[in-house]
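Student: First the structure, which I've put down as structure tokens, then a few questions once you've had a look.
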Amino acid sequence: MDLRVEIPKIRVLPTPDERLRTLAQGADHAEAWAEKARTRAEPAVEWIYLFRTRVATGAVAVLAAWLFVHVMFGANGMVVYRSKRTEYQDLQKEIGQLQKENDEYTSQISQLKSDPRRIEKEAREQFHYTRPGEVVYVSPEPAPPPQSATTDSASK
């Protein structure tokens, strides 16, 4: 049996003066680092400050060029818009033509249903119907032209 009792270690906190001293030393290091970074960046910042109008003009020019290219040639740009517009106009013409054909077919159907002369005409043309006493003459189909024998011996 082990009868030992473990006592946790007691952590000793630094006094407020020690904490303040540590903080002050860290601040000195941070100030030195910031001063070194400022001296390194100072020439670039001065150059940008002196040429800020040129830099801004260049940035605006690049932005305008990118915007122009995007508007003209992008996924929904002017080139695509014009091709889609011509395609739309072609489809509208085709729809108008198909509507016209559909109207013609509708009128033909209504004539075939109601007009006796039209019904008789179609029956005579398609089914070769005749009235009593009429004779229908049908011309024979033309004979195919005779094929001439072709040989390679004549061309030698």
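All of the numbers you see were taken from the coordinates with simple rules; none came from a lab. It should be emphasised that the depicted structure is a prediction, and the values quoted were computed from it without experimental measurement. We place every Cβ from the backbone using ideal geometry, glycine too, and count neighbours over all the protein chains shown.
Student: Kindly write out, for the range 127-142 in residue order, the coupling ³J(HN,Hα) from the Karplus curve 6.51 cos²θ - 1.76 cosθ + 1.60 (θ = phi - 60°), rounded to whole Hz, with x marking Gly and Pro.
Tutor: Values, residue by residue: 9, 6, 6, 9, 8, x, x, 8, 10, 9, 9, 10, 6, x, 6, x Hz.
Student: Next question. Taking other Cβ within 10 Å of each residue's Cβ, how do 127, 73 sort, fewest first? Write out the running numbers ahead of the final one.
Tutor: Values: 127 8, 73 11.
Starting with the residue having the fewest Cβ neighbours, the order is 127, 73.
Student: May I pose another question? Among the lysines, which have Cα under 17 Å from the Cα of residue 84 when same-chain residues fewer than 8 positions away are ignored?
Tutor: Filter leaves 93.
Student: Something else: Please enumerate, by chain and number, the aspartates and glutamates with C-alpha under 16 Å from the C-alpha of residue 113, excluding those fewer than 8 residues away in the same chain.
Tutor: Straight-line reach from residue 113, under 16 Å: 103, 104, 122.
Student: Quick check: convex hull of the Cα atoms in the range 59-154, volume per residue, rounded to a whole Å³? Don't skip to the end; give the middle numbers.
Tutor: Working: hull volume 23.4 nm³, N = 96.
Here the figure is 243 Å³ per residue.
Student: Pulled fully out, how much extra length does the chain show between residue 88 and residue 110, if you take 0.36 nm times their separation in residues and subtract their Cα-Cα distance?
Tutor: Working: separation 22, 0.36 × 22 = 7.92 nm, distance 3.25 nm.
Contour length minus the Cα-Cα distance gives 4.7 nm.
Student: For the range 12-20, just list the computed ³J(HN,Hα) in residue order, Karplus coefficients 6.51, -1.76 and 1.60, θ = phi - 60°, integers in Hz, with x standing in for Gly and Pro.
Tutor: Those phi angles translate into 9, 7, x, 6, x, 5, 5, 5, 5 Hz.
Student: A follow-up question, please. Taking only DSSP H segments of four or more residues, each worth -39500 (n - 2.57), what value at 222 nm results for the chain once the sum is divided by all its residues, to the nearest 500 deg cm²/dmol? Before the final figure, lay out each step's value.
Tutor: Numbers: 4 runs with 106 residues, N = 156.
Helix contribution divided over all residues of the chain: -24000 deg cm²/dmol.
Student: Once both axes come from the Cα atoms, what is the angle between helix 78-114 and the longest principal axis of the chain, in degrees from 0 to 90, rounded to 10?
Tutor: Value to nearest ten degrees: 30.
Student: Turning to a different aspect of this structure: Tell me, what is the FRET efficiency for residue 126 and residue 148 to the nearest 0.05, using R0 = 35 angstrom and their Cβ-Cβ distance as r?
Tutor: Details: r = 38 Å, r/R0 = 1.09.
That pair, residue 126 with residue 148, gives E of 0.35.
Student: Given the options 112, 23, 67, which has the most mean-square fluctuation in a GNM of the chain, springs set between C-alpha atoms less than 10 angstrom apart?
Tutor: It is 23.
Student: Would you kindly state how much longer the chain becomes between residue 97 and residue 57 on full extension, computed as 0.36 nm times their sequence separation minus their alpha carbon distance, in nm to one decimal? Display every interim value, and only then the final one.
Tutor: Working: separation 40, 0.36 × 40 = 14.40 nm, distance 5.45 nm.
Answer, rounded to one decimal: 9.0 nm.
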